[in-house]
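The values are calculated or read from the model by the stated rules, or taken from the named source; none is laboratory data. Predicted model only: the values in this text are computed from it and were never measured. Cβ placement follows ideal geometry from the backbone for every residue including glycine, while neighbour counts extend to all protein chains displayed. Each accessible area value is taken on the protein alone, full model and side chains, heavy atoms only, with ligands, DNA and RNA left out. Shrake-Rupley method; radii C 1.70, N 1.55, O 1.52, S 1.80 Å.
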Amino acid sequence: MSHTKNFLDKAYAAAAPGWAFNPTMQAIRNGFLLCLPLVVAGCIALLINNLPIPAYQSEMARIFGPDWKKFGALVWQGTFGILSLPMLFGISQHIVILRNQRYPMEPVSPILAALVAFASLVVIMPTVNGDWLPTLWTGSSGLFVSIVIALVSTRIFVRLASVRQLRLALYAEGSDAAIPQAFACLLPGILTVFIFAVVHFGFEVLTGRTVYEFVHDLVLYPFSLFKDTLGTSIAYVFICQVFWFFGIHGANVLDPVTHQFYEAAMQANLAAQAAGQPLPNTVTKLLLDIFVYMGGSGSSICLLAALLIASKNNGSRRLAQISLIPGLFNINEILLFGLPVILNPIFLIPFVCVPLILMFTSYLAISYGFVPGPTVPVDWTTPPIIGGYVAAGDSIRGSLLQCFNLVLGTLIYLPFVRVSDRMKEERQKKAMSGLMDVACSNTVSPSGKKCLDRDDEIGMLARALASDLQRAIEKDEGLYLEYQPQVDHISGKVIGAEALVRWRHPAYGLIPAPIMVAISEDGDFMKPLGLWVFNEACAERRRWVDGGLDDDFEMSINVSILQLEDEMLPQKISDRLKHHELQPQMVGIEVTESVALDPDAQHNRVLHQIHNLGIGISIDDFGMGHSSLLYLKHFPVSTLKIDKVLSKDVATNQTCVEIIATIVELCRALNVDIVVEFVENQEQINILRKLGCYIFQGYFFSKPLPGEKTLAYVLEKNAQAQESLS
């Protein structure tokens with residue numbers, strides 16, 4: 001097993017990052033994600049129509065009439081029947097969005113690029129009975145061609161749109177900005193469609209066939225050279241799986257081969273059985289459906305089992321749980337598109353090899369008489385174990401062979417699932433690190449957002465976290481507060497504590513506070529989050545009062561600038577204090593900023609109203625970001641908190657010492673208190689005491705603690721301080 005692990009680590013060390021971060025692969029994955037709702041809806045429709053329970057089928061016909069399956073057929077037509085089209089749109093738009101991020105001064109419309117790609121696809125698509133958009137090619141059978149056309153046509157269109165001579169300039173005062181952009185891309189769009197029309201027309205003239213027909217005949221040609229042998233069957237399964245891996249519906253493409261070899265072989269076996277003769281064929285369509293493609297192509301029920309057994313990635317496990325019921329009825333599209341398996345290099349080897357190995361074991365078991373040859377046709381949605389029993393003529397040996405194949409296939413998939421987990425974990429760590437950098441920066445997009453409108457791994461992670469955080473706020477799940485004490489070093493007493501919000505995500509663990517703040521502000525739910533924090537902190541302060549903590553102890557609660565835009569914030573704060581029976585001096589607010597406070601704006605009025613309630617106001621993280629000494633002039637500030645940017649290097653950087661000394665002198669003149677954050681060693685304390693600082697917060701005294709432990713810590717330290725004074 002260790003040799004297998006080392007091989008996989010080396011084999012996919014380069015491949016997996018290519019899948020995760022290569023722009024082309026990102027675009028293809030984006031297309032698959034766009035298709036996922038259609039895939040789920042289509043799978044449900046297939047299951048409704050094909051549930052292999054005779055009583056269910058007859059009852060549905062009795063209730064809804066003999067045409068009751070038309071409902072599922074309509075859903076299929078609107079989902080799997082057009083699957084290649086949303087795939088094309090998703091890929092094309094994603095390519096253009098990534099391009100626009102690199103060249104923001106000459107943007108190209110993603111929607112226009114997708115429409116050009118759609119026109120290019122229709123141009124080369126052969127008609128079926130006069131239908132220009134036949135579901136034969138717009139569905140999963142045309143998926144591979146759709147991917148290729150989206151990639152090629154969009155890149156041609158973007159390249160042509162970059163040629164200045166081809167961009168038509170339209171200047172119309174007051175016109176919609178989309179109109180000049182559309183005119184600028186007019187000629188590139190026309191030329192792109194014409195290029196595909198020329199290719200299609202020229203190919204037909206030279207070969208007499210369409211591109212689709214040529215590829216179809218090319219695929220089938222090798223099978224005409226072989227007889228019905230085990231080697232032919234291995235080639236059939238191999239090619240079918242390779243096609244599926246690249247997004248081509250292998251069973252549909254190889255349908256003529258299936259009819260010529262395997263359905264005919266099954267009919268011959270049925271005829272021989274009826275005549276009481278030995279079965280002439282071993283490999284039939286029934287053998288492939290029942291013993292090889294369990295759960296669908298790739299023997300995907302084995303992959304499902306491996307995910308449920310070995311995967312530690314919550315997303316993969318959740319997807320496996322969602323895919324389990326459809327997978328038991330051999331509907332695997334949710335797994336193939338959701339994981340995804342298609343075009344995922346990590347699963348290339350097992351996806352192709354597992355069906356080959358299972359076909360070989362099934363061939364041997366039947367050839368040597370261990371299992372009767374399958375001769376009883378069963379519906380393709382019949383679950384494994386049951387299907388093997390029925391197809392083998394009500395023989396338990398058919399079920400045992402399916403069980404053996406299931407275990408064998410699962411064992412093969414297991415190491416690849418573990419590698420996939422590691423790759424996802426590394427990708428998530430990289431994206432989380434990048435998101436942390438973005439959250440801590442002051443850079444915003446033209447829309448004013450830091451991370452949610454990014455169209456890369458960081459943006460995808462930010463949007464997923466934003467959705468989960470909003471749900472956590474609404475349902476009060478995973479959010480909690482910790483409290484870091486603030487110590488008066490002169491008296492030795494703990495005089496306050498800062499309430500710090502924490503969020504433990506079910507998949508990513510503890511999310512850093514800067515990321516929480518950034519996505520809350522981008523997602524416009526900082527106000528409900530801030531109100532939740534204030535209420536929870538007040539409730540804890542009430543418990544501390546009941547636990548014997550005096551009224552002079554201040555609970556510091558962070559308030560975002562976005563909350564200060566709410567005219568009702570002072571009233572909401574007052575209501576919370578009354579609800580928890582707290583005096584105003586028991587709490588204070590710390591203003592955390594992502595943009596500078598405006599002295600003439602709503603911020604000033606709201607802060608003065610809060611100050612008039614008797615609540616102390618602190619400027620948090622002073623010395624970094626937008627913080628300014630002008631705040632002391634315009635706002636009712638009672639405390640400045642010196643940020644770690646200054647305090648952590650005070651022992652090694654003379655500039656930090658001089659800046660802090662200046663702040664101390666100014667605050668002393670204005671009667672403003674100072675709290676120094678990030679105090680971690682005695683050397684810092686010695687220097688800061690010489691500079692005139694004496695209220696400290698940091699790990700030298702205590703890490704952030706839960707509410708009960710904070711109360712115990714404060715009472716113990718204050719009692720010790722009282723004893724030393726007496």
Exercise for the section: Kindly express, to the nearest 10 degrees and within the range 0 to 90, the angle between helix 211-220's C-alpha long axis and the longest C-alpha principal axis of the chain. Expected result: 70
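If you roll a 1.4 angstrom probe over the protein chains with everything in place, what fraction of the accessible area of the range 655-698 belongs to carbon and sulfur, to the nearest %? Don't skip to the answer; put the middle values down first.
On the way: 1090 of 2160 Å².
Roughly 50 percent of what the probe reaches on the range 655-698 is carbon or sulfur.
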Practice task
Specify the angular offset, from 0 to 90 degrees and rounded to the nearest 10, of the alpha carbon long axis of helix 143-161 from the longest principal axis of the alpha carbons in the chain.
Solution key: 60
Practice task
Leaving ligands, DNA and RNA out of it, work out the accessible area of I239 with a 1.4 Å probe and give it in Å² to the nearest 10.
Solution key: 40
Fill in the blank from the handout: One finds, for K709 and E477 with R0 = 22 angstrom and r their Cβ-Cβ distance, a FRET efficiency to the nearest 0.05 of 0.45
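For n ≥ 4 DSSP H runs only, could you compute -39500 (n - 2.57) per run for the chain, divide by its residues and tell me the 222 nm figure to the nearest 500? Don't jump to the answer; show the numbers that get you there.
Working: 32 runs with 426 residues, N = 726.
Helix-only estimate at 222 nm: -18500 deg cm²/dmol.
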Exercise for the section: Please give every one of the aspartates and glutamates within straight-line cross-link reach of K644, meaning a C-alpha to C-alpha distance under 14 Å, and leave out same-chain neighbours fewer than 8 residues apart. Expected result: D620, D621, E677, E680
Exercise for the section: Taking only protein heavy atoms into account and a 1.4 Å probe, give the accessible area per residue of the chain in Å². Expected result: 47
Problem - aspartates and glutamates with Cα under 18 Å of K709, excluding same-chain neighbours fewer than 8 positions away - result: E482, E498, E536, E540, D546, D550, E554
Practice task
Determine the share of the range 250-397's accessible area contributed by carbon and sulfur atoms, expressed in whole percent, with a 1.4 angstrom probe.
Solution key: 63
Exercise for the section: Could you list the residues of the range 673-699 with an amide nitrogen less than 20 Å from a label point located 7 Å from the Cα of T652 in the Cα-to-C-beta direction? Expected result: 677-689, 698-699
Problem - Label point distance in nm, H489-M568, each placed 7 Å from Cα along Cα→Cβ - result: 4.5
Exercise for the section: Run the 1.4 Å probe and let me know the accessible area of F214, rounded to the nearest 10 Å². Expected result: 70
Problem - Theoretical gain in end-to-end length, E723 to A539 [0.36 nm per residue, Cα-Cα removed] - result: 63.2 nm
Handout entry: Pairwise FRET efficiency - L308 versus R504, Cβ, R0 = 22 Å, nearest 0.05
Key = 0.40
Completion exercise
By accessible area (1.4 Å), largest first, I156, I610 order as I156, I610
Fill in the blank from the handout: Here, the chain modelled as identical Cα point scatterers in vacuum has Debye log10 I(q)/I(0) at q = 0.07, 0.08, 0.10 Å⁻¹ of -0.69, -0.83, -1.05
Practice task
Taking 7 Å along the Cα-to-C-beta vector as the label spot, tell me the I322-I53 distance in nanometres, rounded to one decimal.
Solution key: 2.4
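Got a sec? What order do M125, M25 fall in by accessible area at 1.4 Å, biggest, i.e. largest, first?
Numbers: M125 5, M25 55 Å².
In descending accessible area the options line up as M25, M125.
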Practice task
Show which lysines lie in cross-link reach of K430 when reach means a straight Cα distance below 24 angstrom and same-chain residues fewer than eight apart are skipped.
Solution key: K5, K10, K312, K449, K450
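To the nearest 0.05, what FRET efficiency results for E683 and I349 with a Förster distance of 51 Å applied to their C-beta separation?
Working: r = 56 Å, r/R0 = 1.11.
After rounding, the FRET efficiency stands at 0.35.
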Exercise for the section: For the pairs K493/K578; K424/K648; K70/K475, note any where the Cα-Cα span goes beyond 32 Å. Expected result: K424/K648; K70/K475
Problem - Probe 1.4 Å - accessible area at I663, Å² to nearest ten - result: 10
Fill in the blank from the handout: A student applying the Cα gyration tensor rule (rounded when a/c is under 1.5; otherwise prolate if a/b is larger than b/c, oblate if not) would label the range 264-391 prolate
Problem - Fully extended contour minus Cα-Cα distance, from K70 to L411, at 0.36 nm per residue - result: 118.7 nm
Practice task
Give the angle, between 0 and 90 degrees and rounded to the nearest 10, that separates the Cα long axis of helix 186-207 from the longest principal axis of the Cα atoms of the chain.
Solution key: 20
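Keeping every protein chain in place, order S153, S447 by accessible area at 1.4 Å, biggest value first, i.e. largest first.
Details: S153 0, S447 75 Å².
Of S153, S447, the descending order of accessible area is S447, S153.
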